[in-house]
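The values are calculated or read from the model by the stated rules, or taken from the named source; none is laboratory data. None of the values given here were measured: they were computed from a predicted structure. Methodologically, a virtual Cβ is constructed for each residue, glycine included, from the backbone with ideal geometry; neighbour enumeration extends over all protein chains shown. In case anyone asks, the SASA skips ligands and DNA or RNA and just uses the protein heavy atoms, side chains included. Shrake-Rupley method; radii C 1.70, N 1.55, O 1.52, S 1.80 Å.
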Amino acid sequence: MTTPKEPGALIAVIDDSESIRRSVVLNLELEGFRTVEARDGEEGLAAIHSRKPDLIILDVLMPRKDGLQTCRELRAEGISTPLILLTQRTSSVDKVLGLDLGADDYLGKPFEMAELIARVKALLRRIQAMSLVDKVEFADVTVDFKAYKAERKHQPLELSAREYRLLRYLVAKQGTVVTRDELLDEVWGYSAYSATRTVDNHIARLRQKIEENIEHPRHILTVHGVGYKFVS
């Protein structure tokens with residue numbers, strides 16, 4: 001007697017192109033994933049609220065509510081479900097804005113289905129590792145990563161979606177030195193897009209928000225020539 005397989009992760013596929021949507025769904029299901037479909041952002045939000053998928057594939061250009069608006073609303077609601085944005089290959093503005101709004105990765109259209117599947121699997125692995133850390137408290141700072149809420153001295157602390165992910169990864173690796181390249185791969189997920197200077201800039205902004213003295217940080221430490229380490 002064989003043991004039944006565990007059901008695969010549930011993936012929401014939100015795209016107004018029926019041919020692309022059906023192709024993505026078919027290939028995901030062949031890989032053992034479960035799927036839920038939507039034709040635009042309005043339908044997508046309803047599906048996400050009711051079905052609570054494990055990952056979202058979201059097209060940018062859609063009627064009624066586009067992908068960027070949908071991404072913005074999801075993160076504003078505190079929904080941290082990992083999200084891959086589908087953009088036109090030439091639209092660098094959409095890529096940058098989408099990632100700043102809280103998308104975890106992007107893929108330009110047209111794309112190879114094998115690459116999309118690989119990114120889905122890689123993102124699920126990354127998020128699984130980080131999901132072990134839901135909340136952290138250190139000094140006078142409290143951060144709830146699932147709810148996208150942070151406080152310092154009991155006052156709201158404004159962190160961007162990228163800063164939440166960056167801090168969450170550093171906390172998950174607490175006490176371990178993390179290289180800039182690793183942070184690009186694991187937090188940004190698109191090392192070909194950016195440079196390690198991007199990491200340094202985000203670290204500097206994050207320190208301004210959470211450190212008592214940014215000249216002598218106590219929690220996000222620089223390991224010269226290597227990267228960074230979080231100490232609580």
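Some notes on this structure:
- Along the axis of the charge dipole computed for the chain (Cβ charges of +1 for Lys and Arg, -1 for Asp and Glu, origin at the Cα centre), the listed residues Val120, Ala38, Leu167 are led at the positive end by Leu167.
- As a calculated quantity, the FRET efficiency between Ala118 and Thr142 at R0 = 35 Å, using C-beta atoms, amounts to about 0.45.
- Net charge contributed by nearby residues that have their C-beta within less than 11 Å of Ala139 (K/R +1, D/E -1): -1
- Under 13 Å, Cβ to Cβ, from Thr196 - net charge with Lys/Arg +1 and Asp/Glu -1: -2
- P(r), alpha carbons of the range 148-189 - 5 Å bins starting at zero, rounded %: 5, 21, 27, 20, 15, 9, 3
- Computed over the chain, the per-residue total of -39500 (n - 2.57) for DSSP H runs of n ≥ 4 gives a 222 nm mean residue ellipticity of -12500 deg cm²/dmol, rounded to 500.
- Overall, the accessible surface of the chain at a probe of 1.4 angstrom is composed of carbon and sulfur to the extent of 49 percent.
- Rounded to the nearest 20 debye, the dipole size of the range 1-84 about its Cα centre is 180 debye, using +1 on the Cβ of Lys and Arg and -1 on the Cβ of Asp and Glu.
- Distance violations [Cα-Cα > 29 Å] among Lys135/Lys229; Lys149/Lys173; Lys109/Lys135; Lys65/Lys149: Lys109/Lys135
- Computing Cα Rg over 2.2 N^0.38 Å for the structure here picks out one of [x] 0.92; [y] 1.13; [z] 1.05, namely [z].
- Angle between the chain longest axis and helix 92-101 axis [Cα atoms, degrees, rounded to 10]: 60
- Highest to lowest packing among 25-35, 158-168, 68-78, scored as the average C-beta count within 10 Å: 158-168, 68-78, 25-35
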